[in-house]
1. Multiply the residue separation of Gln1 and Ala61 by 0.36 nm, subtract the distance between their alpha-carbon atoms, and state the gained length in nm to one decimal.
2. Could you run the Karplus curve 6.51 cos²θ - 1.76 cosθ + 1.60 with θ = phi - 60° over the range 29-41 and give me ³J(HN,Hα) per residue in whole Hz, x for Gly and Pro?
3. Per residue, how large is the accessible surface of the chain? Use a 1.4 angstrom probe and give square angstrom.
4. If I model a spin label at Ser25 and Thr106 as a point 7 Å from the Cα along the Cα→Cβ vector, what separation in nanometres do I get?
5. Rg (Å, one decimal) plus Dmax (Å, integer) for the alpha carbons of the range 46-117?
6. Over the chain, what lengths in whole Å, largest first, do the semi-axes of the equivalent ellipsoid take, defined as the square roots of 5 times the eigenvalues of the alpha-carbon gyration tensor?
7. Set the Förster distance to 22 Å, then compute FRET efficiency between Leu47 and Gln76 from the Cβ-Cβ distance, nearest 0.05.
8. Determine ³J(HN,Hα), in whole Hz, for all residues of the range 62-72 in sequence, where each value follows from phi through the Karplus function 6.51 cos²θ - 1.76 cosθ + 1.60 and θ = phi - 60°; x replaces Gly and Pro.
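The values are calculated or read from the model by the stated rules, or taken from the named source; none is laboratory data. Given the structure is predicted, the values throughout are model-derived calculations rather than measurements. Neighbour counts are summed over all protein chains in view; Cβ atoms, including those assigned to glycine, are modelled from backbone coordinates with ideal geometry. Surface accessibility is based on the protein's heavy atoms, side chains included, excluding ligands, DNA and RNA. Shrake-Rupley method; radii C 1.70, N 1.55, O 1.52, S 1.80 Å.
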Amino acid sequence: QVQLVESGGGLVQPGGSLRLSCVASGSIFNINAMGWYRQAPGKERELAAHISSIDGSTNYADSVKGRFIISRDNAQNTVSLQMGSLKPDDTAVYYCYAWVRTRGATDHYAYWGQGTQVTVSS
């Protein structure tokens, strides 16, 4: 099995910064991508940022471009999200995910963390 554990959420004032981290552990053979989705109250879950573990290419939601930076450490199976210039609209539960091929498997499957709350408010 694979476990993803997030950390770093909390309460921050508008304009502030916060860093989320996620570590994957378990029976991992290979991870080919990691990233973050977020879900605000009453809204659907949306992709915030994605990073390939193969070539490091990234994708961001338009709403976070220029403010969020995603990075990964392949050796440690970790992904981080540096969030800056935070707005109240960034308030959401942030979920880490990873496309993992477990030992003995032939395909990659998505695994999810339990989510971490980010609240942007004065």
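1. Answer, rounded to one decimal: 18.6 nm.
2. 9, 7, 10, 9, 6, 9, x, 9, 9, 9, 9, 8, x
3. Here the residues of the chain average 53 Å² of exposed surface.
4. Inter-label distance under the simple model: 3.2 nm.
5. When restricted to Cα atoms, the range 46-117 yields Rg and Dmax of 13.4, 44 Å.
6. Sorted largest first and rounded, they come to 26, 14, 12 Å.
7. Details: r = 23 Å, r/R0 = 1.04.
Calculated value: 0.45.
8. Karplus values, whole Hz, x for Gly and Pro: 4, 5, 10, 4, x, 10, 10, 10, 9, 9, 9.
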